[in-house]
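First the structure, in the form of structure tokens, and then the observations on it.
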Amino acid sequence: MTVLRTWAKVEAFDGGPTDTETELIKACKAGERYEIGRGTLPGTATPENTIRADILRYLILGGCEDCPVDLRGVWLVGGFITGPLNLDFATAHGATQLQNCTLSHALASGQTHFKMVNLSGSGMPGWAAHGARIDGNLFIGKVVSPRTIDLSGSHVGGQLSCVDARLTATTGHALKAHSAKIEGHVMLRKTHASGTINLVGSSIEGQLNLESAVLSCTGPYAILASDTRIDGGVFLHPRTQEEKDKVKTPFHCTGEIRLNGATIGGLYAQQTTLVAGSTGQSLSLGGATVNGPVRLDGCDSTGELLIAGSRISGRLTCERMVLQNENGHAFNGQAIRVDHSFVWKKVNHVAGAVSLNGAHVAELDDHPDNWPDSDALFMDGFTYDRIKGTVSTSPERMDWLKAGSFFGIEFRPQPYSQYAKFLRDTGHDEDARHVLYMREKLRRASARNQLSASGHSFAVPLNIWARFWDILLRWVVGYGHYPFNSVAVLAVLICCAIVPAHYAWEEGSLAPNAGPLLVSAEWTSLARVETHPAAIWTGDRLPSGETDLTLAAWKEAAPGRDWETFNRYAYGFDVVIPIIDFGQTDAWAPSTTRGPVGWHLWWARWVLSVMGWIVTALGAAAITGIIRRE
């Protein structure tokens, strides 16, 4: 490269300016646009369209005193620029506009200071502009470049417009703006890129707009924007309906869009197609701060859609989505914080896990039957302040809780506890009790399954005992959530005592529960000959063969008329409820030799008494809170 600083050197350079270059010089001096041909991108160099890079550099830097360039700078359209154009560490004079130009060599402008740059429609084998400063806008729309456009560390005072460009670098980066600062928008609408768009650590005060872009990266990342600040948000799809109606080609991306640790003003990714690269992730917002909504409605994602650890101040919308990832998570929302609503509706879950472990959202707006089944849904630690819509314990909602509470055979109770807390906070106490009841039932079943799977030598007897205790707690007090079930159980046990007591009395198998009476002459004489000695002894029946006495007269003369009158109902209460004493069990005892009913009652009263003690104790413990219900 020859450095031309004076007009004399320009005239002496390789035969002096050509006719085409002379016309360009005249236009630059006049501050006018110079268009070669029709301004189309030239495919080959001809005498009529060729501009040598050394001449062009001389003009971009402002010429000299003998050939001053107007303050408006250089505006060339349709030229074929031959030779390396090196502007490293230079300061451009006015605007630098090379539209629809073909550059034979990569453009070099490291640490260069520009007023404004317009390379729209040009074709060039790359551009190295690291550390460049552009006071105004940078236009590289419709640019065709098979190699990297490097804007690392550059500062653009306006917007960076790369609309409808063709960035065909197949290895490395297609566009590299690492640690760049752009004070306006970064417009990549309709851009086709086969390499990575690298914005790591950059600062964009406007929006990053990729509407209708097609990114088909052969490497792992299609967009690499970790730790980037994008104040205006990321747009993969238009925000307004009017703009949506104009979109003919939806955004399509092959390769990961990585925004880990970024701070963005929102993410609009509706009606997009995201296909993961070699990283396995289609979209990554891990640890990002989103000062606005995240719109994923209509998104078709193949691979892991990762937003774990991000903080979203607006709404997170997952609606009409298609999620599929055969090798891991399809949706990873672990430890996210959503200050507004989390919408999950009409989601077509094809394959892959959905995880909300440790997440918190202000409001959950979902269709319970849209969540995946067990082994694909994880909600341990997922909390929410409210749920939009009808609050219920419908089969769909209970299936959702159950699906999100198991990790293999291990049961995680937190989803049930969280839902019960929400139900109590909203006044649905009865529904909350049912949820906690189901939580305890599943927890105990899971514990038994884990014990069986452990291969412990005492697993079988321990599980038998655990199952017995589980059934007892479930039916008697509903695991402490339905303590008054114990009253119904006691009523059943009392009936189980009343019925045989009644038939034992009718059978004649009850006798006074006192030793002296049993050996008395009055009782022994009746017991030897009468079928129902107790009833005759107390005066409730006439002795057999007695025809002269009436029952009333016999009652006045019966030897046991002053003994405790038998009452089958009081006897049932005495047997079952230990804390109540009607004196029936103290006064009467069944005989094992007078009939089968008496024999069975003799044994049954031991069982009923033990069961009565247990049920009464459990009921009292549940009512007083000794058995925890939380």
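Give me the 1.4 Å probe accessible area per residue for the chain, excluding ligands and nucleic acids, in Å².
44 Å²
Once the piece of chain linking Arg424 and Cys495 is laid out straight, how much longer is it, given 0.36 nm per residue of separation minus the C-alpha distance between them?
That pair, Arg424 and Cys495, stretches by 21.9 nm at full extension.
Taking the C-alpha atoms of segment 470-556, how large are the radius of gyration and the largest Cα-Cα span, Dmax, in Å?
When restricted to Cα atoms, segment 470-556 yields Rg and Dmax of 20.4, 63 Å.
Which of the three applies to segment 1-118, rounded, prolate or oblate, going by the alpha-carbon gyration tensor with a ≥ b ≥ c and a/c under 1.5 meaning rounded?
In terms of gyration-tensor shape, rounded.
So, in Å, what gap is there between the alpha-carbon centers of segment 5-79 and segment 564-591?
The distance from the Cα centre of segment 5-79 to that of segment 564-591 comes to 120 Å.
Please list, or write none, the lysines whose alpha carbon is within less than 22 Å of the alpha carbon of Lys190, excluding same-chain residues fewer than 8 places away.
Those lysines meeting the cut-off are Lys142, Lys176, Lys244, Lys246, Lys248.
Relative contact order for segment 315-444 using alpha-carbon pairs under 8 Å, separation at least 6, rounded to a whole percent?
Relative CO of segment 315-444 lands at 18 percent.
Tell me which chymotrypsin sites (Phe, Trp or Tyr not before Pro) from segment 440-492 have a DSSP coil assignment and no more than 12 other beta carbons within 10 Å of their own.
Filter output for segment 440-492: Phe458, Phe484.
If you stretched the chain out fully between Ala445 and Ala488, how much longer would it get, using 0.36 nm times the residue separation minus the C-alpha to C-alpha distance?
Once the chain is fully extended between Ala445 and Ala488, it gains 13.0 nm.
Mind checking which lysines have their C-alpha under 18 Å from Lys9, skipping anything on the same chain fewer than 8 residues away?
Lys26, Lys29
Go ahead and run the numbers for FRET between Thr168 and Leu41, Cβ-Cβ distance against an R0 of 22 Å, rounding to 0.05.
Step by step, r from the Cβ atoms, then E = 0.90.
Using a simple spin-label model with points 7 Å from Cα along the Cα→Cβ vector, what separation in nm is obtained for Thr91 and Ala521?
Inter-label distance under the simple model: 14.3 nm.
Could you name the lysines in cross-link range of Lys402, using Cα to Cα under 21 Å and dropping any fewer than eight places away on the same chain?
Cross-link targets: Lys345, Lys346, Lys388, Lys421, Lys441.
Tell me the label-point distance for the pair Ala514, Ala30, using the 7 Å Cα-to-Cβ offset, in nm and rounded to one decimal.
Result: 13.9 nm between the two label points.
Using a/c under 1.5 as the rounded threshold, could you call segment 270-347 rounded, prolate or oblate? The axes a ≥ b ≥ c are square roots of the C-alpha gyration tensor eigenvalues, and prolate needs a/b larger than b/c, oblate otherwise. Please report the intermediate quantities before stating the final value.
Working: a/c = 1.94, a/b = 1.32, b/c = 1.47.
Oblate.
Give, as ranges by residue number, the residues of segment 513-540 whose backbone N falls under 19 Å from the point 7 Å along Cα→Cβ of Leu551.
Counting backbone N atoms under 19 Å from the label point, the list is 530-540.
Report relative contact order for segment 1-104 in percent, whole number only (criteria: Cα-Cα under 8 Å, sequence separation at least 6).
Reported as a whole number, the value is 32 percent.
What is the gain in length, in nm to one decimal, between Arg528 and Ala8 on full extension, counting 0.36 nm per residue of separation less the C-alpha to C-alpha distance?
Difference between extended and current length: 172.0 nm.
Please state, as a whole number in µm²/s, the translational diffusion coefficient that the Stokes-Einstein equation yields for segment 167-244 at 37 °C and 0.692 mPa s, with Rh defined as the Kirkwood radius across alpha carbon pairs.
D = 259 µm²/s.
Run the accessible area of the chain with a 1.4 Å probe and give the carbon-and-sulfur part as a rounded percent.
Of the solvent-accessible surface of the chain, carbon and sulfur hold 54 percent.
What ratio of Cα Rg to 2.2 N^0.38 Å holds for segment 281-424?
In units of the globular-protein estimate, segment 281-424 measures up at 0.95.
Between helix 414-425 and the chain, what is the angle of the helix's C-alpha long axis to the longest principal axis, kept within 0 to 90° and rounded to the nearest 10?
Roughly 80 degrees between the two axes.
Which percent, nearest 5, of DSSP beta bridges in segment 1-139 are antiparallel?
5 percent
Could you tell me what a quarter of the Cα convex hull surface of segment 119-173 works out to, in nm² with one decimal place?
For the Cα atoms of segment 119-173, the hull's average projected area reads 3.4 nm².
Using only the alpha-carbon atoms of segment 150-190, report the extent along each of the three principal axes, biggest first, to the nearest angstrom.
Per principal axis, max minus min of the Cα coordinates gives 29, 21, 8 Å.
Compute for segment 120-235: radius of gyration divided by Kirkwood radius, i.e. Rg/Rh, restricted to C-alpha atoms, rounded to two decimals.
Values: Rg = 12.3 Å, Rh = 13.4 Å.
Answer for segment 120-235: 0.92.
In terms of the Cα gyration tensor, with a ≥ b ≥ c the square roots of its eigenvalues, is segment 353-505 rounded because a/c is under 1.5, prolate because a/b exceeds b/c, or oblate? Don't skip to the answer; put the middle values down first.
Working: a/c = 3.28, a/b = 1.54, b/c = 2.13.
Oblate.
With the radius of gyration and the Kirkwood radius both derived from the Cα set of segment 486-630, what is their ratio Rg to Rh?
1.09
How compact is the chain by the rule of thumb for globular proteins, expressed as Cα Rg over 2.2 N^0.38 Å?
This ratio for the chain stands at 1.76.
The values are calculated or read from the model by the stated rules, or taken from the named source; none is laboratory data. A quick note: this is a predicted structure, and the numbers were derived from the prediction, not measured. Backbone-built Cβ (ideal geometry, glycine too); neighbour counts: all protein chains shown. Ligands, DNA and RNA are stripped out before the accessible areas are found, and what is left, the full protein with its side chains, is counted by its heavy atoms. Shrake-Rupley method; radii C 1.70, N 1.55, O 1.52, S 1.80 Å.
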